[in-house]
1. Out of region B:398-435, which residues are among the polar types (S, T, N, Q) and free of Cβ contacts under 8 Å to residues at least 60 places away in the same chain?
2. I need the helices (runs of 4 or more DSSP H) fully contained in region B:1-59, keeping only those with at least 1 residues that are of a type in the set (Phe, Trp, Tyr) and surrounded by 15 or more Cβ atoms within 10 Å (Cβ to Cβ).
3. Please count how many residues of region B:325-376 are touching a His at 6+ places or on another chain (Cβ under 8 Å) and surrounded by fewer than 21 Cβ atoms within 10 Å (Cβ to Cβ).
4. Quick check on B:Glu56: is it acidic (Asp, Glu) and in contact (Cβ under 8 Å) with a residue 24 or more places away in the chain?
5. So B:Val379 clears everything in (1) among the β-branched types (Val, Ile, Thr); (2) within 8 Å of chain A (Cβ to nearest Cβ); (3) buried (at least 18 other Cβ atoms within 10 Å of the Cβ) except one condition, right? Which one?
6. Of the conditions (1) farther than 26 Å from B:Ala350 by Cβ; (2) part of a loop (DSSP other than H, G, I, E, B), B:Val405 clears all except one; give me its number.
7. Which of (1) more than 9 Å from chain B (Cβ to nearest Cβ); (2) modelled with pLDDT under 90 is the odd one out, the single condition A:Ile12 does not satisfy?
8. Among (1) over 20 Å from B:Gly151 (Cα atoms); (2) assigned to a helix (DSSP H, G or I), which single condition is B:Asp62 missing?
Amino acid sequence: MSSSLGPAWKTIAEAQKIQLSETSIQRLEAIARTMLGLRGMIDWSEEPAQVFTATPPTEKPVE
Amino acid sequence: MTVLEAAAALRQKRVSSVELTLACLERIEKLNPTLNAFITVTAGLALEQARQADGERAGGLDRGPLHGIPVAHKDLFCTKDVLTTSGSRIFSSYVPNFDAACVWRLRQAGAVMLGKTNLHEHAYGITSTNPHYGAVRNPWDPQRIPGGSSGGSAVAVATGMALAATGSDTGGSIRVPASYCGLTGLKPTFGRVSKFGALPLGFSLDHVGPLTRTVRDAAAVLQVLAGYDPRDACSVNRPVPDYMPPAAGISLQGLKIGLPENFFFEKLDPQVDHAVHFLAYTAQDLGAELVDVRLPGGHQLNVIAQVTLLAEAASVHEPYIRRRRKEYGGDVATLIDMGRLIPATDYIQAQRLRRRIQGVYLDILAKVDCLLVPATPIVAPHIGQAEVAVGGQVEDTRLASTRLVRGFNALGLPVLALPAGFSQGGLPMGCQLVGRPFDEGLLLRIGAALEDRTGLTARTPPL
């Protein structure tokens with residue numbers, strides 16, 4: 001059974017020719033529910049790309 | 001014998017590296033058929049390296065405390081001209097032409113390689129019940145799992161088949177086996193130890209570190225492993241301090257140790273709860289101040305780490321799972337399948353949340369020097385045991401085993417796992433000291449103080 005707010009895991013899996021057990025579907029549903037709830041913790045004023053900012057390589061190793 | 005005891009014996013010429021290596025090889029020959037800790041034993045190479053170490057010592061060259069010490073490597077670290085399977089059929093005939101950074105560094109320090117240790121397939125799981133190379137068995141009770149994925153490394157060290165071993169930790173894979181086998185395991189800060197040559201699982205979660213009998217042994221191995229490596233994009237370029245704690249008489253005066261009020265002491269085997277609290281009071285007795293802290297939701301952090309790992313591992317294995325699916329064990333194939341379905345939005349939000357929660361943890365760690373929490377809520381489960389009753393609830397064994405360790409991979413913080421006590425049934429129970437980034441030295445000092453006081457490392461498996 002899919003969560004009303006989350007993706008229809010079984011349909012998505014079938015579209016990708018992936019067979020999922022009921023336990024796996026339940027686990028994905030639980031993860032999706034928690035992730036949905038966690039949206040409230042996101043700092044929406046943050047520039048998301050900062051998370052993936054590339055750091056320039058260091059010139060010389062210390063050691 | 002510990003690494004430092006063996007190093008002292010080598011320096012005083014009471015023993016040779018060849019003798020130490022032969023003793024380990026004899027233990028492997030005797031115990032490995034039952035415990036299945038090794039996939040490959042490199043006896044000839046080990047003796048050649050041991051003879052070289054003895055020759056160097058005789059010539060006046062001392063490479064440090066690991067010179068001539070027999071060690072084992074988890075079989076996902078690439079070893080030049082030596083089979084590196086990752087516990088899988090996919091890599092069952094892979095012989096690299098280079099050494100992983102951790103293998104190379106230990107070799108440069110004069111360590112002797114005994115062989116490659118068994119693990120959970122592709123390091124993607126915590127049981128070390130490997131479908132291709134057989135189940136690794138816990139030396140405290142061979143009917144139980146040793147934990148994983150670095151199960152073979154842990155068993156090798158716990159039984160004296162090796163004096164130290166390398167491990168990797170993506171969701172607890174050093175700390176869970178340390179807890180279930182009564183060892184010290186260190187997950188260093190992300191970037192402290194190079195991942196170069198470690199077959200990846202979750203590239204933003206993978207950590208490389210030691211499994212040892214004692215805290216000071218872990219310090220000795222970390223001293224060799226730590227350092228910048230331009231071949232690992234995540235490696236951090238900062239000086240490596242002296243990690244070795246004082247030999248004795250460590251005071252914890254002036255240190256604040258945080259004990260979480262939430263999550264970490266919920267749903268525990270009461271024996272684990274008592275053991276970790278006993279350790280906290282021991283720290284207090286040594287001068288530390290215990291401080292109650294409230295942490296961000298542990299369950300939520302675990303989900304963030306799970307989403308990250310499911311997606312990253314699916315990405316790593318995508319080239320193989322599509323064409324060689326039948327060569328994967330059932331549990332690992334299922335996890336990869338689940339990862340292929342994780343929405344991109346969830347992965348990206350998980351990275352944003354991860355950074356947010358890391359900020360909260362750093363604020364807390366500005367007020368206390370470290371956190372003290374249990375490593376696993378239970379003792380080692382039986383091989384094949386799918387569920388476990390803990391805290392009045394039935395829980396998936398794998399999820400229970402990783403519940404208290406997984407989140408710290410997402411945060412990249414250093415964590416030292418060490419023995420906290422033994423259950424009434426004689427099984428080890430472990431705890432974790434969690435520190436500020438790059439503060440491994442302080443964790444090792446606190447760990448050594450606790451180890452000196454409790455004497456828990458003196459106990460060995462009843463073989």
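1. Quick first cut of region B:398-435, residues among the polar types (S, T, N, Q) only: B:401-402, B:409, B:423-424, B:432.
Those that are among the polar types (S, T, N, Q) and free of Cβ contacts under 8 Å to residues at least 60 places away in the same chain: none in region B:398-435.
2. Hits in region B:1-59: none.
3. So the count comes out to 1.
4. On the way: acidic (Asp, Glu): yes; in contact (Cβ under 8 Å) with a residue 24 or more places away in the chain: yes.
Yes, satisfied.
5. Unmet for B:Val379, out of (1) among the β-branched types (Val, Ile, Thr); (2) within 8 Å of chain A (Cβ to nearest Cβ); (3) buried (at least 18 other Cβ atoms within 10 Å of the Cβ): (2).
6. (1)
7. Here A:Ile12 meets the rest and fails (1).
8. For B:Asp62, the exception is condition (2).
The values are calculated or read from the model by the stated rules, or taken from the named source; none is laboratory data. Predicted model, so just to flag it, every value in this text is computed and none were measured. Because the Cβ atoms are built from the backbone with ideal geometry, glycine has one as well, and the counts that use them run over all protein chains shown.
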